[in-house]
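Please read the structure below before turning to the comments.
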Amino acid sequence: MLGKAIRWVVLVLVVAALVAGGRFLVQRKRQALAKSPKFELRATPVDTAAATTGNLDEGHDYLSVIEPLQIANVSARITATVEKVHRQEGETVQAGDVLVTLDDRQFRDGVATMEAQTQQAKADLAANQASVTSLKESLAYWQRESERDRKLAVGGTIPPAQAEATAERTNEARGKLTSAEQKSRALEQQVEALQRKTDELRTTLTYCTIASPFAGVVTVKAVDAGDLASPGKTLLVVEDRSTLKLAFDVPQGDLPAFAAGLPVSFTVGDKVRQAAVSRLYPALNRARMVRAEALLTGPATEGLTLGAYVNAAVVFRRRENVTLVPVTAIVESPEGTPRVFVVRDGRLQVRPVTLLGTACELAGVEGVAAGEQVVISSFLGWARLSDSMAVEARQ
């Protein structure tokens with residue numbers, strides 16, 4: 001019995017020791033946990049930018065090409081052999097300067113022939129006019145004689161046959177006069193026709209000398225002496241570089257806001273230059289767009305290369321003293337309306353805004369005050385952001 005009691009005492013002591021040890025370990029763990037830092041959610045890092053006040057220039061950028069004011073593809077009006085080319089590529093010409101001379105011998109011979117025929121026709125006309133004058137005098141004479149013989153025949157002084165013969169001579173003189181007058185009219189028409197033909201040949205002769213239509217620079221020489229020139233075949237190309245222009249195509253969607261006179265800015269090197277839309281074509285081209293041009297004069301043309309591409313920014317409308325935020329700050333809500341995330345006291349505020357317009361990388365809005373910080377990007381993406389969320393703003 002004594003041994004059994006001892007075993008129970010030992011068992012109780014072991015259990016008591018285990019309980020005491022467990023309680024000691026639990027207490028030490030609690031003390032360790034109390035000393036450790038408390039768990040808190042870390043603020044989400046976001047990139048922000050300050051809203052500012054300024055002017056918003058609404059418009060679009062277009063890829064434009066630098067072109068000369070006008071280009072002339074000089075060609076001949078007639079088919080003839082090129083006798084001499086007077087200008088080479090790169091040479092400056094003035095309006096009226098001779099560019100190409102064509103062989104004009106056949107046209108000179110034609111003019112000489114027509115002039116000779118005209119002189120002969122004029123001589124024939126002069127001779128016939130003299131005949132007309134003589135026949136008029138002869139007709140007047142026989143008319144007087146006929147009237148005198150008629151009166152004598154009535155009085156019985158001369159036989160009626162003699163009066164009739166005199167009247168016949170009068171009719172014969174009248175017929176000759178009429179024929180001569182008709183011949184004179186025909187000769188006059190012949191002279192006029194020959195003169196018109198001569199003038200036509202003289203005009204054709206001038207086509208053998210091809211002059212520059214305006215002052216400019218010869219950029220292409222497509223023929224040499226001995227080549228055959230013909231209508232539609234380009235001989236030289238002359239460009240008027242006194243004024244340049246930016247040419248670009250405007251999509252149909254921009255046409256309601258587009259008009260002549262709108263300001264245009266473009267960059268050459270590191271300098272921004274200004275111009276204005278000078279012309280808007282009245283019809284769509286094959287690409288279903290409308291061509292627009294902006295003239296460049298004076299200093300605006302310095303350093304420009306013809307044919308080069310230049311980005312042209314056209315301003316449709318200017319809004320002054322509006323709140324500006326980066327366009328990346330505008331987020332579309334599930335309802336499709338624009339909104340921004342404003343950071344205030346380390347937390348987000350979802351702010352509905354009215355979008356006034358965009359220009360380059362800025363957007364004009366209503367609903368945000370100048371100086372407020374707006375989120376422009378988030379480390380975890382826009383879908384993770386919510387109202388009242390703690391954030392760490394980085395500028």
Which numbered condition Glu293 misses (of (1) acidic (Asp, Glu); (2) in a loop (DSSP other than H, G, I, E, B); (3) surrounded by 11 or more Cβ atoms within 10 Å (Cβ to Cβ)): (2)
task: Using the structure shown, decide if Leu125 is modelled with pLDDT under 85, among the hydrophobic types (A, V, I, L, M, F, W, C) and either surrounded by fewer than 17 Cβ atoms within 10 Å (Cβ to Cβ) or under 60 Å from the mean Cα position of the chain (by Cα) (or both).
output: no
statement: Selection from segment 91-124 of residues in contact with a Lys or Arg (Cβ under 6 Å, 6 or more places away or on another chain) and in a loop (DSSP other than H, G, I, E, B) yields none
message: When you scan segment 297-312, do you find a residue that is out of contact with any Cys (no Cβ under 8 Å at 6 or more places or on another chain), among the β-branched types (Val, Ile, Thr), free of Cβ contacts under 8 Å to residues at least 60 places away in the same chain and not assigned by TED's automatic domain parsing to the domain that holds Ser242, even just one?
response: no
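Conditions tested, residue by residue: (1) in a loop (DSSP other than H, G, I, E, B); (2) surrounded by 14 or more Cβ atoms within 10 Å (Cβ to Cβ).
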{"position": "Ile158", "(1), (2)": "yes, yes"}
{"position": "Gly175", "(1), (2)": "no, no"}
{"position": "Thr178", "(1), (2)": "no, no"}
{"position": "Val191", "(1), (2)": "no, yes"}
{"position": "Leu194", "(1), (2)": "no, yes"}
{"position": "Ile210", "(1), (2)": "no, yes"}
query: Taking segment 347-395 as the search range and keeping residues that are β-branched (Val, Ile, Thr) and modelled with pLDDT under 85, which one is nearest to Gly59 (Cα to Cα)?
result: Thr358
statement: Among the residues of segment 286-300, the number that are closer than 20 Å to Pro68 by Cα and either of a type in the set (Phe, Trp, Tyr) or under 17 Å from the mean Cα position of the chain (by Cα) (or both) is 8
- request: Give the residues of segment 263-278 that are of a type in the set (A, V, I, L, M, F, W, C), surrounded by fewer than 18 Cβ atoms within 10 Å (Cβ to Cβ) and touching a residue at least 24 places away in the same chain (Cβ under 8 Å), sorted by residue number.
  value: Val268
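For segment 68-83, state whether one or more residues are assigned to a helix (DSSP H, G or I) and within 30 Å of Thr206 (Cα to Cα).
No, segment 68-83 contains no residue that is assigned to a helix (DSSP H, G or I) and within 30 Å of Thr206 (Cα to Cα).
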task: Select from segment 244-253 the residues that are surrounded by fewer than 17 Cβ atoms within 10 Å (Cβ to Cβ) and either farther than 15 Å from Ala312 by Cβ or among the acidic types (Asp, Glu) (or both) and list them in ascending order.
output: Gln252, Gly253
- request: Scan segment 327-346 for residues that are in a strand (DSSP E or B) and over 19 Å from Val391 (Cα atoms) and jot them down.
  value: Glu332, Pro338
- prompt: Which one of these does Ser179 not meet: (1) of a type in the set (Gly, Ala, Ser); (2) touching a strand residue (DSSP E or B) at 6+ places or on another chain (Cβ under 6 Å); (3) free of Cβ contacts under 8 Å to residues at least 12 places away in the same chain?
  reply: (2)
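The values are calculated or read from the model by the stated rules, or taken from the named source; none is laboratory data. Just so it is clear, the structure is predicted and the values come from calculations on it, not from any experiment. Reconstructed Cβ throughout: ideal geometry from the backbone, glycine too, with neighbour counts over all protein chains shown.
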